[in-house]
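Chemist: Before we start, here is the structure in question, set down as structure tokens.
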Amino acid sequence: MTNKYDALKLENQLCFPLYAVSKEIVRKYTPYLKEIDLTYTQYIAMMVLWEHKEISVKDMGAKLFLDSGTLTPLLKILEKKGLVSRNRSKDDERFLMVSATKEGMKLRDKAVDIPAKVGGCVDLSQKEAELLYKTLWKLLGQFGEE
């Protein structure tokens, strides 16, 4: 860098292209998610439930890198839509558990093609996609459980 302000140039920021690409990919999801009445954040929460059926709010937050201030209102909305239920753990009442309802599980069939549709909007070779995937998960691993 030639002067002390070069570090402040947008073009020199790793975070900016990550932010911009993330925003654009989420935008590609929007029309497909509107069809099933979900936001992107609601969609990824449902993805966790489709995989695990039931999970604690704390564990869901860790998987999604979301704090309880973001996750709680999101889960309340999904509960109002009839897609999830929230109940205290039978084993330890300190834990709030989230489960997909029958309606929530049925929604999975409507969502199953969304990843392929959005993936078709990204022009990367299989090798490039795998490298990007591994690199992003490596970075995310540095921010977990702080």
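The values are calculated or read from the model by the stated rules, or taken from the named source; none is laboratory data. Here the structure is a predicted model, which is why all the values come from computation and not from measurement. So basically every Cβ, Gly included, is an ideal-geometry build from the backbone, and we count neighbours across all protein chains shown. What goes into the accessible areas is simple: the full protein's heavy atoms, side chains included, and nothing from ligands, DNA or RNA. Shrake-Rupley method; radii C 1.70, N 1.55, O 1.52, S 1.80 Å.
Chemist: For the structure I just gave you, tell me whether residue 102 is among the basic types (Lys, Arg) and in contact (Cβ under 8 Å) with a residue 60 or more places away in the chain.
Modeler: Taking the combined requirement at face value, the residue does not satisfy it.
Chemist: A follow-up question, please. Looking only at region 6-13, decide whether some residue is in contact with a helix residue (DSSP H, G or I) (Cβ under 8 Å, 6 or more places away or on another chain), among the hydrophobic types (A, V, I, L, M, F, W, C) and surrounded by 11 or more Cβ atoms within 10 Å (Cβ to Cβ). Spell out how you get there, then give the answer.
Modeler: Restricting attention to region 6-13, the residues satisfying the condition of being in contact with a helix residue (DSSP H, G or I) (Cβ under 8 Å, 6 or more places away or on another chain) are 6, 10, 12.
Narrowing the set further to residues that are among the hydrophobic types (A, V, I, L, M, F, W, C) leaves 10.
Now restrict to residues that are surrounded by 11 or more Cβ atoms within 10 Å (Cβ to Cβ): none.
No, region 6-13 has no match at all.
Chemist: How many of the residues in region 96-140 are among the β-branched types (Val, Ile, Thr) and within 22 Å of residue 58 (Cα to Cα)?
Modeler: 2
Chemist: Here are the criteria: (1) in contact with a strand residue (DSSP E or B) (Cβ under 9 Å, 6 or more places away or on another chain); (2) loosely packed, with under 12 Cβ neighbours inside 10 Å; (3) among the β-branched types (Val, Ile, Thr). Tell me which single one residue 2 does not satisfy.
Modeler: (1)
Chemist: Still on this model: In this structure, is residue 18 in a helix (DSSP H, G or I), modelled with pLDDT under 95 and not polar (S, T, N, Q)?
Modeler: Answer is yes for this residue.
Chemist: Enumerate the pairs (first residue in region 17-42 and within 17 Å of residue 104 (Cβ to Cβ) and surrounded by 12 or more Cβ atoms within 10 Å (Cβ to Cβ); second residue anywhere and basic (Lys, Arg) and at pLDDT 95 or above) with beta-carbon separation below 8 Å, excluding pairs fewer than 6 apart on the same chain, so at least 6 apart or on different chains.
Modeler: Short answer, once both residue conditions are applied: 36/110.
Chemist: Can I ask one more? Go over the candidates 82, 141, 119 one by one and state the one that is in contact with an Asp or Glu (Cβ under 6 Å, 6 or more places away or on another chain), without any contact (Cβ under 8 Å) to a residue 40 or more places away in the chain, closer than 23 Å to residue 41 by Cβ and not polar (S, T, N, Q).
Modeler: From the options 82, 141, 119, the qualifying one is 82.
Okay, residues lined up against (1) of a type in the set (Lys, Arg); (2) farther than 22 Å from residue 141 by Cβ:
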| site | (1), (2) |
| --- | --- |
| 6 | no, yes |
| 71 | no, no |
| 74 | no, yes |
| 81 | yes, yes |
| 101 | no, yes |
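Chemist: Out of the residues in region 85-96 meeting the condition of being in contact (Cβ under 8 Å) with a residue 24 or more places away in the chain and open to solvent by 40 Å² or more (accessible area, probe 1.4 Å), tell me which one is farthest from residue 40 (Cα to Cα).
Modeler: The extreme case among them is 95.
Chemist: Among the residues that make up region 51-70, is at least one of them touching a Gly at 6+ places or on another chain (Cβ under 8 Å), surrounded by 13 or more Cβ atoms within 10 Å (Cβ to Cβ) and either free of Cβ contacts under 8 Å to residues at least 12 places away in the same chain or outside any helix (DSSP H, G or I) (or both)?
Modeler: The answer is yes; a qualifying residue exists.
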